[in-house]
Amino acid sequence: MTMRLLACERCGQRVLIEKFSAAHTSVQWTGDASRCPVITARGRGMGHQERGCEVLHRTIDRAVREQRVPESRIELPIGDAIPRLH
Ligand SMILES: [Zn+2]
């Protein structure tokens, strides 16, 4: 597990990101996502937090492109070993 702490360039909300492959980066909020003005402006609804904030996504994309986020090599858990996130 190699987590990187990134802050949204716009709202400063911090998230932990972990990159598993070029197509799979996991994002974990360290604070309250509703404090991000972009997410709050979108209103509460299905997936309002999951879709996150575009500025944050751009911040993450750039960090990944600039290779500031090392790729994690993981063994994918199977069956009962799959962690429940919520
Ligand atoms: Zn934001």
Worksheet, complete the sentence: Of the residues in region 1-16, those that are in a strand (DSSP E or B) and closer than 10 Å to Pro70 by Cα come to Arg4
Worksheet item: Of all residues in region 11-41 being within 11 Å of the ligand (Cβ to nearest atom) and touching a residue at least 40 places away in the same chain (Cβ under 8 Å), which is surrounded by the fewest Cβ atoms within 10 Å (Cβ to Cβ)?
Response: Cys11
Fill in: region 61-76 - residue that is modelled with pLDDT under 80 and out of contact with any Phe, Trp or Tyr (no Cβ under 7 Å at 6 or more places or on another chain) and, of those, surrounded by the most Cβ atoms within 10 Å (Cβ to Cβ)
Arg73
Worksheet item: Does region 31-42 contain any residue that is closer than 30 Å to Pro77 by Cβ, modelled with pLDDT under 85, part of a helix (DSSP H, G or I) and of a type outside the set (S, T, N, Q)?
Response: yes
Item to complete: Could you run through region 1-10 and say how many residues are within 17 Å of Glu54 (Cα to Cα) and buried (at least 16 other Cβ atoms within 10 Å of the Cβ)?
Response: 2
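The values are calculated or read from the model by the stated rules, or taken from the named source; none is laboratory data. For clarity, every value in this text was computed on a predicted model and none was experimentally measured. Neighbour counts are summed over all protein chains in view; Cβ atoms, including those assigned to glycine, are modelled from backbone coordinates with ideal geometry.
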